[in-house]
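Participant: Let me give you the structure first, and then I'll get to my questions.
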Amino acid sequence: MNVKRAAVLAALAPLLSLLTAAAPAPPAPMWPAPTDVAERVRAAGLTMLPAEGVVMHIHSRLTVYAGGQRVTVPADLGIDRSGKEPRYSPLHTHDTSGTVHVESPRWEDFTVGQLLTEWGVRPACTGVVDGRAVAGDPARIVFRDGSRITLRCR
């Protein structure tokens with residue numbers, strides 16, 4: 001190896017070590033899932049079920065931003081795994097994809113406000129459903145099958 005090449009590699013070594021270093025761990029969730037699931041479900045006016053309901057079964061997609069940053073919708077909102085068998089709110093999440101499951105033993109309206117209560121957060125937000133701005137309190141938005149709901153919060 002010639003001297004010039006060795007000098008260039010020596011100069012680049014710190015940069016190369018930065019580029020090949022392990023990525024930092026992702027930050028903790030901005031709004032983590034609560035630990036008092038059954039209490040949060042009751043606060044939302046809902047009842048825990050021994051299994052997911054099968055009469056009403058729909059899915060909506062919820063995307064949340066706070067201060068311009070995307071907020072991860074936590075897995076297991078409305079699912080209490082503290083006992084031997086899980087118990088379910090009719091309104092819940094299974095993963096962090098933003099898919100909200102409404103699986104109820106009867107047809108009724110379930111709202112964004114109920115999910116936020118289960119989550120234990122009540123941010124000041126504006127709402128958009130399927131690309132259209134919603135007037136008023138976005139907590140009143142009703143989940144509909146296939147709807148895409150976006151909350152932009154401060």
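The values are calculated or read from the model by the stated rules, or taken from the named source; none is laboratory data. What you see is a predicted model; the values in this text were computed from it and never measured. Cβ atoms come from the backbone with ideal geometry, glycine included; neighbour counts cover every protein chain shown. Side chains are part of the model used for accessible areas, which takes the heavy atoms of the whole protein and leaves out ligands, DNA and RNA. Shrake-Rupley method; radii C 1.70, N 1.55, O 1.52, S 1.80 Å.
Participant: Tally Lys/Arg at +1 and Asp/Glu at -1 over every other residue whose Cβ is under 12 Å from the Cβ of ASP109; what's the total?
Facilitator: Values: positive: ARG106, ARG140, ARG144; negative: GLU108.
Net local charge, ASP109 excluded: +2.
Participant: Another question about this same structure. Write out the chymotrypsin sites (Phe, Trp or Tyr not before Pro) in the stretch 38-143 meeting two conditions: DSSP loop, and at most 11 other Cβ atoms within 10 Å of their Cβ.
Facilitator: Numbers: sites: TYR65, TYR88, TRP107, PHE110, TRP119, PHE143; in loops: TRP107, PHE110, PHE143.
Within the stretch 38-143, the qualifying chymotrypsin sites (Phe, Trp or Tyr not before Pro) (loop, at most 11 other Cβ atoms within 10 Å) are TRP107.
Participant: May I pose another question? Which of rounded, prolate or oblate describes the stretch 46-154 when judged by the alpha-carbon gyration tensor and an a/c cut-off of 1.5?
Facilitator: On the way: a/c = 2.10, a/b = 1.52, b/c = 1.38.
In terms of gyration-tensor shape, prolate.
Participant: Note down the net charge around CYS125, summing +1 for each Lys or Arg and -1 for each Asp or Glu among other residues with Cβ under 10 Å from its Cβ. Walk me through the numbers on the way to the answer.
Facilitator: Details: positive: ARG122, ARG152, ARG154; negative: ASP137.
Neighbourhood net charge equals +2.
Participant: Sticking with this structure for a sec: Excluding PRO34 itself, calculate the net charge of residues whose Cβ lies under 13 Å from the Cβ of PRO34, where each Lys or Arg counts +1 and each Asp or Glu counts -1.
Facilitator: Details: positive: ARG40, ARG42, ARG81, ARG122; negative: ASP36, GLU39, ASP76, ASP80, GLU118.
With Lys, Arg at +1 and Asp, Glu at -1, the neighbours total -1.
Participant: To continue, here is another question. Could you tell me whether the stretch 35-86 comes out rounded, prolate or oblate from its Cα gyration tensor? Rule is a ≥ b ≥ c as square roots of the eigenvalues, rounded for a/c under 1.5, then prolate if a/b exceeds b/c, otherwise oblate.
Facilitator: Working: a/c = 2.19, a/b = 1.55, b/c = 1.41.
Because a/c hits 1.5 or more and a/b exceeds b/c, the stretch 35-86 counts as prolate.
Participant: Keeping every protein chain present and rolling a 1.4 Å probe, give me the accessible area per residue for the stretch 45-154 in Å². Mind showing how you got there, number by number?
Facilitator: Details: 5730 Å² over 110 residues.
About 52 Å² of surface per residue is accessible.
Participant: Under the classification rounded if a/c is under 1.5, otherwise prolate if a/b is larger than b/c and oblate if not, where does the stretch 105-154 fall, given a ≥ b ≥ c as square roots of the Cα gyration tensor eigenvalues? Mind showing how you got there, number by number?
Facilitator: Values: a/c = 2.15, a/b = 1.19, b/c = 1.80.
Judged from the Cα gyration tensor, the stretch 105-154 comes out oblate (a/c at least 1.5, b/c at or above a/b).
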